[in-house]
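Since the structure comes first, as structure tokens, the remarks are kept for the end.
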Amino acid sequence: MATNQEIYSDLAVAPGVYLTEVTEEMSMSHAELARRMGRPVQAISEIANGIKSITPDTALQLEQVLGVPAHIWTGLEAEYQLTRARRAAAEQVEHETDLAVHFPYPEIAKLGWVKPTRKRSEKVLELRQFFGVASLHNLQGVRAYAPAFRQSAKAEVSHEALVAWLRGGSLEADKVDTKSFDRVKARATLQMLRHLTRMEPEVFLPALRQQLAEVGIAFVLLPHFSKTYTNGATFWPTSNKAVLMMTIRGSWADIFWFSLFHELGHILLHDKRHTFLENGLDDPDWKKQEEEADDFAQKTLIPAAAWRAFIKTDDFSATHIVSFADEIDIAPGIIVGRLQHDGVIPPNHHIHRTRYKWAN
């Protein structure tokens with residue numbers, strides 16, 4: 001997304017300058033012009049000095065008195081005002097350069113969302129176009145970006161990095177063709193999604209995208225932006241299309257899949273009007289929905305009854321973990337991750353846990 005570059009003059013010439021030239025050539029004083037137009041002398045003086053604008057009515061009067069077409073006067077006035085506005089806008093850009101430095105511009109440019117540049121003023125213009133705002137100061141007031149600025153679970157979180165990640169995900173999701181969202185079909189596809197946990201990324205990613213698109217969910221996988229501290233997000237650009245965003249943060253396969261099913265929980269259980277960012281607010285209402293999504297992910301990945309029966313065996317050997325994983329058709333590493341999470345085995349006991357090698 002690059003900004004079109006055009007060259008404009010920054011010299012704002014008031015149409016009154018041309019008015020003075022014309023009247024001088026005609027040896028007509030401003031007082032005489034005022035009498036002929038039936039206007040106060042002060043009004044003509046203010047037009048000549050660039051204080052007062054030339055309105056369409058004034059342009060028609062000047063045409064009749066001076067013989068210069070009305071569209072010339074209105075054109076000069078419009079160009080004068082536009083040049084002044086551009087100059088003011090350029091000054092505003094300079095005021096926003098301090099804001100631009102807080103955004104992860106190199107990462108955004110690497111993904112092709114903005115034009116690579118080292119000029120701070122160009123960064124401001126590119127970021128404005130990327131976010132679709134007239135000023136970076138307006139970002140917090142845009143409803144779609146508000147969730148990124150509400151994130152407060154970590155004091156060091158970069159709200160600017162989060163809003164850039166969300167915006168990029170939205171743009172990428174626009175490119176994904178999906179069928180109309182179908183909650184029943186989405187639930188029915190969960191078992192197929194669980195089976196994908198046993199495959200490598202180059203195999204499961206295309207299948208994951210296709211299966212989710214078939215039920216109305218656009219899946220977007222993006223690189224991790226520093227200081228975002230989130231693994232996923234969900235939102236609804238329309239009532240018939242959900243977006244499930246995931247970030248390539250770390251490489252543990254079980255964390256990726258738990259986060260994915262956590263986000264699916266939000267899509268299937270919660271209000272379409274909300275944007276959910278994983279690891280976000282401490283607000284009780286939002287925390288409740290996060291806990292519900294966690295519970296959904298746990299029970300969908302590993303059915304509760306099967307998990308209780310497995311725990312009762314008190315056998316967490318490598319062989320038994322694989323056997324249980326085969327029985328419920330899921331990757332063994334997810335079993336190990338759950339055992340670690342529940343404190344059944346030590347957190348450094350990584351047998352069967354795998355790390356993904358994400359393609360660049």
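The values are calculated or read from the model by the stated rules, or taken from the named source; none is laboratory data. Since the model is a prediction, treat every value here as computed from it, not as a measurement. Cβ placement follows ideal geometry from the backbone for every residue including glycine, while neighbour counts extend to all protein chains displayed.
Report the residue count in the stretch 31-58 for those that are closer than 20 Å to Gly75 by Cα and not in a helix (DSSP H, G or I).
Residues in the stretch 31-58 being closer than 20 Å to Gly75 by Cα and not in a helix (DSSP H, G or I): 7 in total.
Rundown of residues vs (1) acidic (Asp, Glu); (2) surrounded by fewer than 13 Cβ atoms within 10 Å (Cβ to Cβ); (3) in a helix (DSSP H, G or I), yes/no style:
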{"site": "Ala305", "(1), (2), (3)": "no, yes, yes"}
{"site": "Ile311", "(1), (2), (3)": "no, no, yes"}
{"site": "Asp315", "(1), (2), (3)": "yes, yes, no"}
{"site": "Pro346", "(1), (2), (3)": "no, yes, no"}
{"site": "Trp358", "(1), (2), (3)": "no, no, no"}
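Anything in the stretch 317-344 that is assigned to a helix (DSSP H, G or I), hydrophobic (A, V, I, L, M, F, W, C) and surrounded by 14 or more Cβ atoms within 10 Å (Cβ to Cβ)? List them, or say none. Reasoning before the result, please.
Applying the first criterion (assigned to a helix (DSSP H, G or I)) to the stretch 317-344 yields 318-328, 332-341.
Restricting the remaining residues to those that are hydrophobic (A, V, I, L, M, F, W, C) gives 318, 321-322, 324-325, 328, 334-336, 339.
Of everything in the stretch 317-344, those that are assigned to a helix (DSSP H, G or I), hydrophobic (A, V, I, L, M, F, W, C) and surrounded by 14 or more Cβ atoms within 10 Å (Cβ to Cβ) turn out to be Ile321, Val322, Phe324, Ala325, Ile328, Ile334, Ile335, Val336, Leu339.
Yes/no matrix, rows are residues, columns are (1) surrounded by fewer than 17 Cβ atoms within 10 Å (Cβ to Cβ); (2) not assigned by TED's automatic domain parsing to the domain that holds Ile335:
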position	(1), (2)
Leu139	no, yes
Arg167	no, no
Ala173	no, no
Ala207	yes, no
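Of all residues in the stretch 236-276, count the ones that are in a loop (DSSP other than H, G, I, E, B) and small (Gly, Ala, Ser).
Adding up the residues that qualify gives 3.
Out of (1) surrounded by fewer than 21 Cβ atoms within 10 Å (Cβ to Cβ); (2) within 20 Å of Asp182 (Cα to Cα); (3) touching a strand residue (DSSP E or B) at 6+ places or on another chain (Cβ under 7 Å); (4) β-branched (Val, Ile, Thr), the odd one out for Ile248 is which?
(2)
How do the pairs read when you match residues in the stretch 288-303 that are touching a residue at least 60 places away in the same chain (Cβ under 8 Å) and assigned to a helix (DSSP H, G or I) with residues anywhere that are among the hydroxyl-bearing types (Ser, Thr, Tyr) and surrounded by 15 or more Cβ atoms within 10 Å (Cβ to Cβ), using Cβ under 9 Å and keeping only pairs 6 or more apart or on different chains?
Leu301/Thr197
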